[in-house]
Amino acid sequence: MNKIRVFAALLLAAAVAAGSAGCAKPAVSAKAADLMKDISASSAAVKPLDKAFTAGMADFSIELFKKSLTGNENALISPLSVALALAMTANGAHGGTLSQMEQLLCGGVPLEALNGYLYSYAQSLPSKEKSKLNLANSIWFRSDGESLLVKESFLQKNADYYNAAAYSSAFDKQTVDDINNWVKSNTDGLIDKILEKIEENDMLFLINAVVFDAEWQSVYFKESVRKGEFTDINGNKQNVDFMHSSEYGYLDDGIATGFIKPYANGAYSFAALLPNAGISIQDYIESLTGEQFLDTLSNVQQNMLVYASTPKFKYDYSISMVDTLKALGVIDAFDEDNADFSEMGKTTLGKGNLFISEVLHKTYIAVDELGTKAGAVTMVAVSPGGFGGAPDHMVVNLDRPFVYAIIDNATSLPIFIGALMTV
């Protein structure tokens, strides 16, 4: 069967970044023609962040996390990655397909408002010397101009709200190199490629890159790192390095306790929640809601001293999110007969009806004495039819499976959220 695949990828990676959030670096391709030369970004219809957006995104983040767990494995997703990838794709959707994507992403907020919200959110995420976050977007089209006719309005929205660059290219080996060089450049070398080859009928790629790298506000000294036992999800004892610290930021939601540890410059924090004894990590995660997550963080006890111990850890994670998104209500987008991506453009191949054939999400995280590095890739492929009383101090020892998140302090929304099952 003839296939057209349209990829929307959000790459979150830890690396040193220059520039502010939302600003794209120039593409490194020498062989692609700039399709945006005649399309200038208009003034975006900015939508100030409010409780509706925060609540909607929190629900999306937690439900996506809950549905993404796979057995007893370590899990990690970037709700920001998935949201931006799907929102960019949604700008090509129409009718019932669009309605389902809107309902998933922010509780039914119309796409035009969602674009405005995400634009405002991206602009609000600070990037500083020791706490860096940078965004970049690009769209790549096959240069024959026949197999896929892309609407200018689709390009305009991506220019307006996502500052996307767009390039027309031959989709040969040189294009593979150009795209991978763009990825490498915009993740400062942490991720060096996203494509191995371009298939004969690949027509369009949308790539969004985010670079995140933050140091702790208070780093761990050498004497603060000591060996200890971590009991994994299967009951096995693991001898690992634990980082010990005193924090002011105690969390207690009634069935789990934890702490918040800020990164440098105060814009982002690491939050950890350890289920109480007798409550399994799976049951705890299943009980989570977006409202509960935000409420727990907003009720942090800033004056409560916490003696915290955190294992050093790093791992990667990957998942196909097709079944996850279907379970969350996005049905038509994956149905070749009912999907409506007519606002993206028109294909002359197959039945001429575009639908999402795959959504892949890959992540990486490393937590150590100096800080946190985390990365993610979200790829959306479109084909044609065919998370009592106060004593003097509290102790939180993360020596068994726990939930953690990297949050934006202004909104408490998780940029990353994961569960450590084993070290």
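At a glance:
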{"quantity": "Built amide H within the under 5 Å cut-off of Gly249, gap 5+", "calculated": "Ile260, Met304, Val306"}
{"quantity": "Selection of chymotrypsin sites (Phe, Trp or Tyr not before Pro), region 221-253, meeting DSSP coil and at most 15 other Cβ within 10 Å", "calculated": "Phe221"}
{"quantity": "Residues listed by number, region 217-255, amide nitrogen under 11 Å from Tyr307 label point at 7 Å toward C-beta", "calculated": "245-246"}
{"quantity": "Contact order normalised by residue count of region 189-334, Cα under 8 Å, 6+ apart, percent", "calculated": "22 percent"}
{"quantity": "Inter-label distance for Asp335 and Ala52, nm, one decimal - labels placed 7 Å from Cα along Cα-to-Cβ", "calculated": "2.8 nm"}
{"quantity": "From phi via Karplus (6.51, -1.76, 1.60), per-residue ³J(HN,Hα) for region 122-136 in Hz, x at Gly/Pro", "calculated": "4, 5, 7, 7, x, 9, 10, 4, 10, 8, 10, 9, 9, 10, 8"}
{"quantity": "Estimated FRET transfer efficiency (Ala170, Lys193; beta-carbon r; R0 25 Å; 0.05)", "calculated": "0.85"}
{"quantity": "Filtered trypsin sites (Lys or Arg not before Pro), region 164-267: DSSP coil and at most 12 other beta carbons within 10 Å", "calculated": "Lys193, Lys197"}
{"quantity": "Amide H within-cut-off set for Ser269, under 5 Å, with H built and near neighbours excluded", "calculated": "Tyr263, Ile407, Asn409"}
{"quantity": "Entries of Lys66/Lys362; Lys130/Lys227; Lys47/Lys362 with Cα pairs more than 25 Å apart", "calculated": "Lys130/Lys227; Lys47/Lys362"}
{"quantity": "Amide H contacts of Ala376 (H built 1.01 Å from N, under 5 Å, at least 5 apart or other chain)", "calculated": "Leu12, Ala13, Tyr364"}
{"quantity": "Cα centroid of region 160-214 to Cα centroid of region 271-346, whole Å", "calculated": "27 Å"}
{"quantity": "DSSP beta bridge pairing in region 125-225, given as percent antiparallel to the nearest 5", "calculated": "70 percent"}
{"quantity": "Neighbour cut-off at most 11 other Cβ (10 Å), DSSP loop, GluC sites (Glu not before Pro), region 76-137", "calculated": "Glu129"}
{"quantity": "³J(HN,Hα), Karplus 6.51/-1.76/1.60, whole Hz, each residue of region 65-72, x for Gly, Pro", "calculated": "4, 4, 6, 8, 5, 10, x, 9"}
{"quantity": "P(r) of the chain over all Cα-Cα pairs, binned every 20 Å from zero, in whole percent", "calculated": "27, 56, 17, 1"}
{"quantity": "Sequence of Arg400, Arg142 once ranked by neighbouring C-beta atoms within 10 Å, starting from the fewest", "calculated": "Arg400, Arg142"}
{"quantity": "Estimated vicinal HN-Hα couplings, Hz - region 333-345 in sequence order (Karplus 6.51, -1.76, 1.60; Gly, Pro = x)", "calculated": "4, 9, 9, 4, 8, 10, 5, 10, 10, 5, 7, 7, x"}
{"quantity": "Whole-number percent relative contact order across region 130-254, with pairs defined as alpha carbons under 8 Å at least 6 apart", "calculated": "29 percent"}
{"quantity": "Cβ crowding within 10 Å averaged over residues, with 357-363, 313-319, 261-267, 47-53 ranked highest first", "calculated": "357-363, 261-267, 313-319, 47-53"}
{"quantity": "Label point distance in nm, Val395-Lys346, each placed 7 Å from Cα along Cα→Cβ", "calculated": "7.1 nm"}
{"quantity": "Exposure proxy ranking, count of Cβ atoms within 10 Å, fewest first, for Thr70, Thr372, Thr411, Thr187", "calculated": "Thr70, Thr411, Thr372, Thr187"}
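Every number in this text was worked out from the coordinates using simple rules, so none of it is lab data. All figures in this text were calculated on a predicted structure; none of them were measured in a lab. Reconstructed Cβ throughout: ideal geometry from the backbone, glycine too, with neighbour counts over all protein chains shown.
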